[in-house]
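Asker: What follows is a structure written as structure tokens; I'll ask about it next.
The values are calculated or read from the model by the stated rules, or taken from the named source; none is laboratory data. Values in this document were obtained by computation on a predicted structure and should not be read as measured data. Cβ placement follows ideal geometry from the backbone for every residue including glycine, while neighbour counts extend to all protein chains displayed.
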Amino acid sequence: MSVLTLLHSGAGVVAVVGSVAVINARMLLYAAALEPRFRDQSGWFRWLAPHFVVDPTFALVTARDDVDDPGTFRRYWLAMGGGMAVVWTSLVGLGVAVGPALGRGGGVLAFAPVAVFLAMVAPRLTDRPALTAAAVAGLVTGALAYSGALPAGTPVLVGAAAGIAAATLTWRRAA
Amino acid sequence: MTAILASAGAVVVTWVLRVLLITLVPAARLPGVVQRALPHVGPATLMALVAAALFGSPDGVRPAFVIAAVLTGAVAWWRGNVLLATAVGLGAVAVAGLL
């Protein structure tokens, strides 16, 4: 999506690739957090399966503690990632086809990603570090995004880093 | 040609970002302080995405979305049900649109 938007606005190759790197930099964080689950997998899986690391797969897999076994994780990850790729692509096609006919309904659906991410993260906010991470990340990102001072994707990266740092300090003091 | 090169570059960059700390330099080799920070990636990043969507929209901040987000978060935290919380949030936006 960002590639198409940037190309449409006349950006060059370096600007497009650089922007994509910033917007997707959170995948680096996701990958680091998921690494223990990939550790005992075979080579092909560790090289190819990270392709499925996206926001929803990260949120779903980190909410489960019953897929730690390597075989179970491998089956779960491939089924979830493959299924999500098919559904995602199909829904994008469906959205292009029927989106203009939705009218005001489209405005409601624009809230769907926010609702889903909130619904997945809220039940996890059960201890002080998690609350700290979410609160600081939300406040910093919200302020930066509202100000419009940074390029697209950067507020999320800076806000998430601030939340992670704050929670890590809280955890260390509590420990 | 620009489109092909940009797309190819984007593919390589996004793939490297995903395999870098899984396959190339496994996170287990990172310093202790970084490893202690990893459990906080989920809550921080997901909440950052929510905040960016609520407050960084090109259309400006939509009060209906903010109210619906509070309701969604409250229901999800109270009941732990993703579908119910999502439905409540979407319903709140729909009702706000009718008012």
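Asker: Quick test of your reading of the structure: A:ALA110 fulfils all but one of (1) more than 7 Å from chain B (Cβ to nearest Cβ); (2) surrounded by fewer than 23 Cβ atoms within 10 Å (Cβ to Cβ); (3) at pLDDT 90 or above. Name the failing condition by number.
Answerer: Condition not satisfied by A:ALA110: (3).
Asker: Just wondering, is there one or more residues in segment B:33-46 that are more than 21 Å from A:VAL136 (Cα to Cα), charged (D, E, K, R) and either touching a helix residue (DSSP H, G or I) at 6+ places or on another chain (Cβ under 8 Å) or crowded, with 21+ Cβ neighbours inside 10 Å (or both)?
Answerer: no
Asker: Can you say whether B:VAL82 is hydrophobic (A, V, I, L, M, F, W, C), at the interface with chain A (Cβ under 7 Å from one of its Cβ atoms) and either within 24 Å of A:VAL53 (Cα to Cα) or in contact with a helix residue (DSSP H, G or I) (Cβ under 9 Å, 6 or more places away or on another chain) (or both), as far as the supplied structure shows?
Answerer: When the stated conditions are applied, B:VAL82 passes them.
Asker: Give A:ALA85, A:ALA49, A:ALA15 a once-over and let me know the one that is more than 7 Å from every other protein chain (Cβ to nearest Cβ), part of a helix (DSSP H, G or I), more than 20 Å from A:PHE117 (Cα to Cα) and under 17 Å from the mean Cα position of the chain (by Cα).
Answerer: Working: A:ALA85 fails: more than 20 Å from A:PHE117 (Cα to Cα); A:ALA15 fails: under 17 Å from the mean Cα position of the chain (by Cα).
Criteria check complete, one pass: A:ALA49.
Asker: For segment A:126-161, give me each residue that is within 20 Å of the chain's Cα centre (by Cα), more than 22 Å from B:VAL66 (Cα to Cα) and either within 7 Å of another protein chain (Cβ to nearest Cβ) or assigned to a helix (DSSP H, G or I) (or both).
Answerer: Scanning segment A:126-161 gives A:PRO129, A:ALA161.
Asker: Let me ask something additional. Any chance you could count how many residues in segment B:31-60 are outside any helix (DSSP H, G or I) and within 14 Å of B:VAL93 (Cβ to Cβ)?
Answerer: Counting residues in segment B:31-60 that are outside any helix (DSSP H, G or I) and within 14 Å of B:VAL93 (Cβ to Cβ) gives 2.
Asker: Hey, another quick one. Of the residues B:GLY56, B:GLY91, B:GLY97, which is small (Gly, Ala, Ser), over 23 Å from A:PRO50 (Cα atoms) and within 19 Å of the chain's Cα centre (by Cα)?
Answerer: Result of the check over B:GLY56, B:GLY91, B:GLY97: B:GLY56.
Asker: Which one of A:PHE58, A:PHE38 is assigned by TED's automatic domain parsing to the domain that holds A:VAL87, buried (at least 22 other Cβ atoms within 10 Å of the Cβ), at pLDDT 90 or above and under 25 Å from A:PRO155 (Cβ atoms)?
Answerer: A:PHE58 is the lone residue from the list that is assigned by TED's automatic domain parsing to the domain that holds A:VAL87, buried (at least 22 other Cβ atoms within 10 Å of the Cβ), at pLDDT 90 or above and under 25 Å from A:PRO155 (Cβ atoms).
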